[in-house]
Amino acid sequence: MTTRRVSMADVAARAGVSGQTVSRVVNASPRVDPETRARIEAAMAELGYRPHRAARALRTGRTQTIGLVVSTLASVGNSRMLQAVADAAAARGYALTVVTLGAEGDVAAAFGRLVDQAVDGAIVLNEATERVREADLRAAGLQLVVVDSPRDDRFGVVETDHAGGAGQAVRHLLDLGHRTVHHLAGPAGSFAAAERERGWREALVQAGAAVPPVVRGDWTSASGSAAASALVDAGATAVFAANDQMSLGLLRAFADAGRAVPGDVSVVGFDDVADAADYRPPLTTVHQDFDALGSLAVAALVDGIEAGAAAAFVTVPTRLVVRASTAPPAR
């Protein structure tokens, strides 16, 4: 047995208004007084009314679908951002279409797929932003917001204060008495990795501490594990790793090498993933607010689509979460 879809007419009858008034509420028109709007919204909730997306697209010229462009979903940061964007989009009544750039990093092909699906705009994440900034996307004609990018007048930007968070990590370790802090950096070409490296370097210079050579990973725990031997050889007593996954690899490799954390070497990560408190030892890390990033990115994009709002530039602060992986150096 097929259940009939609740219509605008059903809502209008329940609320005691015209179908045109219900239509105005559905399409967010300001031409409805607050009391009537509340009565209509209550009727919608009571009846379980859901606007017909295709019909609304014909009326408004918008599909209420946004795209998400990402290089890969294999990293924890990108997968958490996907969840945050999906939740924020749903809260604004928008569907989400995800495209990945793939090994070739074909930006034009990725945006072509979004245009074919008639999205109203798109959010671009992290490593994909550099390729998007280099591409000429005027033909796509999409409203864009990028997460983690230098300021660019062509689109809105929402970024984490990566450099500030790195500075917090370095100052924490120096305040504990470490003479310097080694850095396990993220991949070259990543804006987030470059900003975290900049914050690390500037904090050391400001403190008058030596700046050791950078050891580079690729965000994975395996690359963190592989980097441990170079850090042991360098005599590191404190390491700031550019993300928590690489920190996890470091913890394992240091243990295998007989280097106690934090007795012999202190480790600070970045992201504050859900499992960071369950690492052994629990990881001191810089908390990145993925939910705020997703919400702000969606808000900036939807406001641009619906109200023609000016491109936003927003920086989301970070905070250091101190746990058991850091301590004063052994004397």
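The values are calculated or read from the model by the stated rules, or taken from the named source; none is laboratory data. These figures come from a predicted structure and were not determined experimentally. Every residue, glycine as well, gets a Cβ built from its backbone with ideal geometry; the counts of neighbours run over all protein chains shown.
Can you confirm whether Arg151 is basic (Lys, Arg) and touching a residue at least 40 places away in the same chain (Cβ under 8 Å)? In short, yes. Of all residues assigned to segment 128-135, at least one qualifies as being among the acidic types (Asp, Glu) and farther than 16 Å from Ala311 by Cβ.
Residues that are more than 19 Å from Leu283 (Cβ to Cβ) and outside any loop (DSSP other than H, G, I, E, B) are absent from segment 234-245. Sub-9 Å Cβ pairs linking a first residue in segment 38-50 that is assigned by TED's automatic domain parsing to the domain that holds Ala91 and within 13 Å of Gly19 (Cα to Cα) to a second residue that is of a type in the set (Asp, Glu) and surrounded by 12 or more Cβ atoms within 10 Å (Cβ to Cβ), at least 6 apart or interchain, number zero. As for segment 253-265, it holds no residue that is within 18 Å of the chain's Cα centre (by Cα) and of a type outside the set (D, E, K, R). Among the residues of segment 164-201, those identified as more than 27 Å from Val132 (Cβ to Cβ) and in a helix (DSSP H, G or I) are Gly167, Gln168, Ala169, Val170, Arg171, His172, Leu173, Leu174, Asp175. If the condition is being within 22 Å of Pro187 (Cβ to Cβ), in contact with a strand residue (DSSP E or B) (Cβ under 8 Å, 6 or more places away or on another chain) and among the aliphatic types (A, V, I, L, M), then segment 249-272 contributes Leu250, Leu251, Val267, Val268.
Selection within segment 300-331: residues that are small (Gly, Ala, Ser) and more than 17 Å from Leu142 (Cβ to Cβ). The member of this set that is surrounded by the fewest Cβ atoms within 10 Å (Cβ to Cβ) is Ala330. On the stretch given as segment 254-266, residues that are crowded, with 20+ Cβ neighbours inside 10 Å and either among the hydroxyl-bearing types (Ser, Thr, Tyr) or part of a helix (DSSP H, G or I) (or both) total 2.
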